[in-house]
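Have a look at the structure below, then the notes.
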Amino acid sequence: MADKSRNITQRWMINNIGMIFLVLAAVVLAGTILLRSFYYNSAKQYLSSKMNMVSSILQNSYNDPSTSFSSEVRSVVENWSDRDHSELMIINSQGNAELTSSGFIPNVEDNMEDYRKALEGSSGYYTGKISSGEKIMAMSILLPENNAGYSAVRVVSSMKRIDSRIMISTLAVIAICIAILAMTFFSGMYFVKSIVLPVRQIGATARRYAEGDFSVRIKKKNNDEIGELCDIINHMAEELANSENMKNEFISSVSHELRTPLTAIKGWSETIAGMPEDADTVSKGMRVIGAETERLSQMVEELLDFSRMQNGRFSLNKATMDVLAELGDAVLIYAERAKRDGITVNYDEPDMLPFIYGDRNRIRQVFINIIDNAIKYSDKGGIVSIQALMPDALHVEIDVSDNGCGISQQDLPKIKTKFYKANYTRRGSGIGLAVADEIVTMHGGTLDVLSEQGVGTIVKIIFPIQKNS
Ligand code: ADP
């Protein structure tokens, strides 16, 4: 379990945090590149505007014979107003700086790539390091030839300030990204924990259910999906506990059911063995043994049907059939027993009903089951009424009503559930109605039970009639 929680956390870390980290890294990288190009372009524009200004002053002076070009050059350098940001240089024909606005002549080895480029005829622009290691941006423009030995004018600006500004902005963005990442991490960890811990608790509880202990329940903390899962699992535990109880009750009631006829068979067979020449006893005993054996085999059939239904191996042998014929047979089978129990069975058989498409043996089995219940749950003097009718043009309906003990309102919704017995005073396995309901449903019909405790019960079975019937 601990391994699994680590897995969820790890997966979350890799998927979410990893993804956010990559996105933020890309944002920082792209932001830095954009910022750098913005600052460098602005600096270049600034330098080239300065350069244009100087070059137009010098060009005018060169074209004006009344002024001295060389003194104009000196005056421009001396009066260079942008000393704070850049340095103006005049390069002589040997390619060395001759005049500078700062007064310092730079190192001869200093890289004057821009000047070299200007000499080659391309844009006299350069960004890079000089011998001192300082990064500069420089621009050179060649002066008209045949002047006082000056070759070019050059503006140089240090990139130190711009680079540190870019660095500060980048660090600020990185700090914001780290804060976002940390916030996402902690809020995500809290969220993952709020899922992992309850899931671990659910797993531990489910394991106890698997071991057969249904007494524990999961405490629901929030009304979210996990809370809903807790409710579902608690409900499942209740259902499992119920079905476990039902199973135990089923086993005990089936054992009881089997024991009664077996005791009768054993008793009568011993009696017959003891007095084989007493014809009356033998014939009575054989009748009882026959009836009890029939009851046992019915029960075993019912159990087998039930087991086939559970395995999905329950099949129907459908054909066009007359419901009235099967209902008539079922009533006949029970007429004798009802009379013996002092119960009146009223059946007004209609002349005819449309045919249905179904398995006649199974449908007879349903009728037998329902009539058996009606008699079983009625007391002496009770009346069981059976009716067959057409509620509409497309269906046939069979109603079996009795004025027996009835079913309480709280038991009524559960009586069609397998193993459910609402009344333990009568014999029965609790699966008769479940089997009957399944058979009716497999015929596209419905089986409804209406009942009131102490008043009686009506079972309504409706089948669709066969098309063209
Ligand atoms: P059982 O074998 O116990 O009769 P069933 O599945 O046939 O099982 O019926 C389930 C429960 O429904 C019964 O235990 C009984 O409590 C109730 N029941 C069914 N039919 C009737 C009825 N006609 N009158 C009263 N209770 C009934």
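The values are calculated or read from the model by the stated rules, or taken from the named source; none is laboratory data. All values reported here derive from a predicted model rather than from experimental measurement. A quick note on method: Cβ atoms are made from the backbone with ideal geometry, for glycine too, and the neighbour counts reach across all protein chains shown. Just so you know, the surface numbers come from the protein's heavy atoms only, side chains and all, with ligands and any DNA or RNA stripped out. Shrake-Rupley method; radii C 1.70, N 1.55, O 1.52, S 1.80 Å.
In loop segments of region 97-149 as defined by DSSP, the chymotrypsin sites (Phe, Trp or Tyr not before Pro) with at most 14 further C-beta atoms inside 10 Å of their C-beta are PHE104. Sequentially through region 269-276, phi angles give Karplus couplings (6.51, -1.76, 1.60; θ = phi - 60°) of 5, 5, 4, 4, 4, x, 9, x Hz, Gly and Pro residues having no value and appearing as x.
Solvent exposure of region 295-453 amounts to 50 Å² per residue of accessible area, where only protein heavy atoms count and the probe is 1.4 Å. Under 19 Å from a label point set 7 Å out along the Cα-to-Cβ vector of MET390, the amide N atoms of region 337-353 belong to 348-353. Taking Cα pairs under 8 Å and at least six residues apart, what relative contact order does the chain come out at, in percent? Averaging sequence separation for qualifying contacts and normalising by length gives 9 percent for the chain.
Within the chain, which is the longest segment that contains none of the GluC sites (Glu not before Pro) sitting in a DSSP loop with at most 15 other Cβ atoms within 10 Å? Before the final figure, lay out each step's value.
Details: sites that count: GLU109, GLU134, GLU145, GLU211, GLU277.
That would be 278-469.
Among the listed pairs LYS247/LYS318; LYS44/LYS135; LYS414/LYS467; LYS376/LYS418; LYS50/LYS135; LYS220/LYS414, those whose Cα-Cα separation exceeds 22 Å are LYS247/LYS318; LYS414/LYS467; LYS220/LYS414.
How much accessible area per residue does region 89-198 have, in Å², with a 1.4 Å probe?
That works out to 56 Å² for each residue.
Each label point was placed 7 Å from the Cα along the Cα-to-Cβ direction; for ILE333 and LEU142 their separation is 12.0 nm.
Once you have the alpha carbon radius of gyration of region 27-110, what is it after dividing by 2.2 N^0.38 Å, with N set to its residue count?
The reported ratio for this selection is 1.41.
For region 313-370, relative contact order (Cα pairs under 8 Å, six or more residues apart, normalised by length) works out to 59 percent. Placing a label point 7 Å from the Cα of VAL199 along the Cα-to-Cβ direction, the residues of region 6-29 whose backbone N falls under 16 Å of that point are 6-17. Counting protein heavy atoms only, region 74-211 has 60 percent of its accessible area on carbon and sulfur, 1.4 angstrom probe. Normalised by 2.2 N^0.38 Å, where N counts its residues, the alpha-carbon radius of gyration of region 195-288 equals 2.14.
What the Cβ-Cβ distance of GLU120 and ILE20 gives, at R0 = 51 Å and to the nearest 0.05, is a FRET efficiency of 0.55. May I ask you to list the residues of region 111-155 whose amide nitrogen lies under 14 Å from a point 7 Å from Cα along the Cα→beta-carbon direction of SER68? So the set is 148-149. Helix 160-210 and the long axis of the chain differ in direction by around 10°, with both axes built from C-alpha atoms. Model label points for MET286 and MET13, set 7 angstrom from Cα along the Cα-to-Cβ axis, are 8.6 nm apart. Shown here for region 400-433: chymotrypsin sites (Phe, Trp or Tyr not before Pro) in loop regions (DSSP other than H, G, I, E, B) with at most 12 other Cβ atoms within 10 Å, namely TYR424. Think of the chain as a dipole: +1 on every Lys or Arg Cβ, -1 on every Asp or Glu Cβ, centred on the Cα centre; then among ILE458, ALA330, ILE398, ILE458 lies furthest on the positive end. In straight-distance terms, cross-link reach from LYS380 covers every one of the lysines whose alpha-carbon lies under 22 Å from its own, apart from those fewer than eight places away in the same chain; here that gives LYS339, LYS421. Here region 137-202 is treated with +1 on each Lys and Arg Cβ and -1 on each Asp and Glu Cβ, and its dipole about the Cα centre works out to around 340 debye. Dividing the helix sum by the residues of the chain, where each DSSP H run of 4 or more adds -39500 (n - 2.57), gives a mean residue ellipticity at 222 nm of -19500 deg cm²/dmol. Rg of the Cα atoms in region 154-251, relative to 2.2 N^0.38 Å, amounts to 2.28.
The loop-placed trypsin sites (Lys or Arg not before Pro) in region 57-117, going by DSSP, that have at most 13 neighbouring Cβ atoms within 10 Å of their Cβ come out as ARG83. Across region 232-239, rounded Karplus estimates of 3J(HN,Hα) from the backbone phi angles (6.51 cos²θ - 1.76 cosθ + 1.60, θ = phi - 60°) give 5, 5, 4, 5, 4, 4, 4, 4 Hz, Gly and Pro being marked x. Legend: calculated FRET efficiency, ARG427 to GLU225, from the Cβ-Cβ distance at R0 = 51 Å, rounded to 0.05, equals 0.60.
In straight-distance terms, cross-link reach from LYS266 covers every one of the lysines whose alpha-carbon lies under 18 Å from its own, apart from those fewer than eight places away in the same chain; here that gives LYS284. When the solvent-accessible area of region 245-371 is split by element, carbon and sulfur atoms take up 54 percent of it, the probe being 1.4 Å.
Test of understanding: what is the full-extension gain from ARG340 to SER37, defined as 0.36 nm times their sequence separation minus their Cα-Cα distance? Working shown, then result.
On the way: separation 303, 0.36 × 303 = 109.08 nm, distance 10.79 nm.
Extending this stretch completely gives an extra 98.3 nm.
Computed over the chain, the convex hull of the alpha-carbon atoms projects to a mean area of 46.3 nm².
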